[in-house]
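So the structure is just underneath, and the comments pick up after that.
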Amino acid sequence: MKKGGLQISGGRFKGFKLKADRRVRPTSSFTRKRIYDIIGGVEGYDVLDLFSGSGALGIEALSRGARSCVFVESSGASVKTIRSNLEKLGLSGNVKVVRADALAFLKTYDGEFDLILADPPYAWDRREDLLRAVKRLLKDGGIFIFEMSSRVKPPEIEGLRLFKFVKGGDTAVAFYRKEGRRIPS
């Protein structure tokens, strides 16, 4: 991680410095700000943060008004880091941290989300499996944000419409919307 740390880029926790495990490639503050500038407000949203790492993407959503967030991470060290970051912010009642494989979680969880965020390792090769599994838990009109290597073409599946794809350096972000009715503003 670069000197200066990992900071929340907007909302009520703007400027708060998060901890991140040194083995994790956290989403940069610039990329997180760009994501939320593109999707707009997330007030009242139920959010799922997959491959959570430091928890930065989900904490950013909570900072910007999301109602709840479930963090899913397979690394024990990263789960501890996420819990520590949440504790320092006083976030407990509207959050859940789950240590699990993302695909296994998606196949067994019973619930729906307005916004699902995923930042798997860039070498991870199960992108289409992830899209199919995400579609099951995404509300109609909900948004899926998928961070990936800029060298990779964003996968496409029926029922999830790719509405924006942005690249910057080694990072690309694909924005999908589940077809169906739109979420009321």
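FYI, it's all coordinate maths here, none of it is from the lab. Model, not experiment: these values are computed from the prediction. Virtual Cβ from ideal backbone geometry, glycine too; neighbours counted across all protein chains shown.
What the table below lists for this structure:
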read-out: Fewest-first ranking of PHE175, PHE71, PHE165, using other Cβ atoms within 10 Å as the exposure measure; value: PHE165, PHE175, PHE71
read-out: All-pairs Cα distance distribution in the chain, expressed in whole percent, bin size 10 Å; value: 10, 42, 40, 9, 0
read-out: Number of Lys pairs (Cα under 28 Å; 8 or more positions apart or on different chains) in region 62-160; value: 12
read-out: Once the Cα gyration tensor of region 1-105 is diagonalised, semi-axes √(5λ) in Å; value: 18, 17, 13
read-out: Relative contact order, percent, the chain [alpha-carbon distance under 8 Å, six or more residues apart]; value: 16 percent
read-out: Rounded, prolate or oblate (a/c below 1.5 giving rounded, otherwise prolate when a/b exceeds b/c) for region 88-185 by Cα gyration tensor; value: rounded
read-out: Listed peptides 56-62, 112-118 by packing density, highest first (mean Cβ within 10 Å); value: 56-62, 112-118
